[in-house]
Amino acid sequence: MSNPTRTIEPIVSEENSGEKSPNFSENVSTQSVHAGESRQKPGDSITDPIFCASTFTFKDTQSVIDFIEQKQPREEYGRYGNPGERVAERKLAVLEGGEDAVLFSSGMSAIVGLLMSKLSACDEVIFFDECYHRSREFCTKHLSRFGVTTRQVPACDYEAMEAAITPHTKLLVSESPTNPHLSCVDLDRFAGIGKQNGIETLIDATLATPYNLRPIDAGIDYVLHSVTKYLGGHNDLLAGVVVGTKEKMESVRNLRGIMGAVNSPQNVYLLSRGLKTFELRMQRHNDNGQRVAEFLDAHPRVERVYYPGLESHPYHEVAKKTMRGYGGLVTFLIKDADWRQTADVVDAVKIPRIAPSLGGVESLIEQPLVMSYYECTPEQRIEYGIPDNMIRLSCGIENADDLIADLQQALA
Ligand SMILES: *Cc1c(COP(=O)(O)O)cnc(C)c1O
């Protein structure tokens, strides 16, 4: 029986030799089924039970004192975590190759929790501009009220990022791949800029997942995921996670206990159950994404496809160097279409459902102009790179031929 936390050394291909190749684990399935769990569980149950408890009892006063003096690791009060949450955290830390993972009640609460625990008045944070719009909004509208300055530079413009660094800069932030343009960050370079300048780095790797991208191996300090997406994977829960060293995560965990942004025992059960099939799902999302992107790329009604697995993608080389697969998210533009003709394509598909979100077993489709940027001015949409004829499709785990046939009829 193999050790679930063991990682097999990657085979360095001829093509990659000389370059630092990412350390992809060959046993993600074993990790996602077993890592972080006790072998023998309460009640001899094979699954971790759902403990419905807001608080945890102490036998006597001495056990309270032992707990406070940290002689006895155990639960205390539900806002500081629960047993199922710790299992899911250990599993996520192993999958990510990090020391410690802190789960939050959503991806956004993870972002807010990390930024609030790391930044103080007069500090500066630099973002690549293709970032989840709510993360940007938190920085520009809210962190600014606490005296934190946010600087945004064009995505993947490393010179601009270096030029924006000041003695007050505390954190460099990017997504990889970005949403919805799927630009891919050169992680070695990004981590290098942080290290050279003594600044911490954060990658929101929600679109890649630990199956497709290894930011910690590349020297990134914090990896963040909206667990709502691929890690949960079933469009049935909200959660977020930050992974880093034990030392760096301590202040994040403490702030989470104060914010109260924890997961209910029922929610973590859904997450742990969803994680069991993580590798199988990712393999199918990667295959479906690639096949759908290639189909769309060859279709006469499609002006442009954004997918890192296509050679035409501006970040294909970076993606090849850093990623195992390219995920299920495909963004494309309908040729010579206004917003209404684009909406007609969205309305004509029969399998994907119209909804925000991504990364679940059900395919989801949306027009970013309508779903996320409806209240922006046309100038703002141009600034954010959201044209009227853009569609974002999150390929689920359905049969690829069915998805392609459906898109074929919708485009006709
Ligand atoms: C969805 C998403 C978030 C926010 O996560 P929630 O779980 O919805 O709060 C953050 N970053 C990225 C890249 C996302 O796709």
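The values are calculated or read from the model by the stated rules, or taken from the named source; none is laboratory data. It should be emphasised that the depicted structure is a prediction, and the values quoted were computed from it without experimental measurement. Cβ placement follows ideal geometry from the backbone for every residue including glycine, while neighbour counts extend to all protein chains displayed.
Within segment 191-228, no residue satisfies the criterion of being surrounded by 21 or more Cβ atoms within 10 Å (Cβ to Cβ), away from the ligand (no atom under 16 Å from the Cβ) and more than 20 Å from GLU99 (Cβ to Cβ). Which of the residues belonging to segment 278-300 are in contact (Cβ under 8 Å) with a residue 12 or more places away in the chain, more than 17 Å from the chain's Cα centre (by Cα) and surrounded by fewer than 21 Cβ atoms within 10 Å (Cβ to Cβ)? Passing the criteria: LEU280, ARG284, ASP287, ARG291, GLU294, PHE295, ASP297, HIS299, PRO300. Those residues that are within 12 Å of the ligand (Cβ to nearest atom) and within 25 Å of GLY309 (Cβ to Cβ), I need them from segment 229-248; list them, please. Of everything in segment 229-248, those that are within 12 Å of the ligand (Cβ to nearest atom) and within 25 Å of GLY309 (Cβ to Cβ) turn out to be LYS229, TYR230, LEU231, GLY232, ASN235.
Take segment 233-248 and flag every residue that is farther than 24 Å from LYS170 by Cα and surrounded by fewer than 24 Cβ atoms within 10 Å (Cβ to Cβ). Answer for segment 233-248, where residues must be farther than 24 Å from LYS170 by Cα and surrounded by fewer than 24 Cβ atoms within 10 Å (Cβ to Cβ): HIS234, ASN235, ASP236, LEU237, LEU238. Could you check, for segment 117-129, whether at least one of its residues is surrounded by 18 or more Cβ atoms within 10 Å (Cβ to Cβ) and part of a helix (DSSP H, G or I)? Yes, because at least one residue in segment 117-129 is surrounded by 18 or more Cβ atoms within 10 Å (Cβ to Cβ) and part of a helix (DSSP H, G or I).
Considering only residues in segment 99-148 that are modelled with pLDDT under 95 and among the polar types (S, T, N, Q), the one that is nearest to the ligand (Cβ to nearest atom) turns out to be SER135.
Among the numbered conditions (1) more than 25 Å from HIS225 (Cβ to Cβ); (2) touching an Asp or Glu at 6+ places or on another chain (Cβ under 6 Å), the only one that ASP406 does not meet is (2). Just one of the listed residues (VAL185, VAL173) is β-branched (Val, Ile, Thr) and part of a loop (DSSP other than H, G, I, E, B), and it is VAL185. Say whether the condition of being of a type outside the set (Gly, Ala, Ser), within 16 Å of the ligand (Cβ to nearest atom) and farther than 17 Å from VAL87 by Cβ is met by at least one residue in segment 257-271. Within segment 257-271 (the criterion being of a type outside the set (Gly, Ala, Ser), within 16 Å of the ligand (Cβ to nearest atom) and farther than 17 Å from VAL87 by Cβ), the answer is yes, since at least one residue qualifies.
I'm trying to understand the selection: among the residues of segment 378-399, which are within 17 Å of ASP338 (Cβ to Cβ) and without any contact (Cβ under 8 Å) to a residue 12 or more places away in the chain?
The first filter runs over segment 378-399 and keeps only residues within 17 Å of ASP338 (Cβ to Cβ), leaving 378, 381-382, 386-391.
Residues satisfying the conditions are PRO378, ILE382.
Looking at LYS91, LYS71, just one residue is among the basic types (Lys, Arg), assigned by TED's automatic domain parsing to the domain that holds ILE165 and crowded, with 17+ Cβ neighbours inside 10 Å, and that residue is LYS91. In segment 377-387, of all residues being of a type outside the set (S, T, N, Q) and under 15 Å from GLU130 (Cβ atoms), the one that is surrounded by the most Cβ atoms within 10 Å (Cβ to Cβ) corresponds to ILE386.
Restricting the search to segment 364-381, which residues are more than 16 Å from the ligand (Cβ to nearest atom) and under 30 Å from ASN212 (Cα atoms)?
If we filter segment 364-381 for residues that are more than 16 Å from the ligand (Cβ to nearest atom), which is where we start, we get 367, 369-370, 374-381.
Once the filter is applied, which keeps residues that are more than 16 Å from the ligand (Cβ to nearest atom) and under 30 Å from ASN212 (Cα atoms), segment 364-381 yields GLN367, LEU369, VAL370, ARG381.
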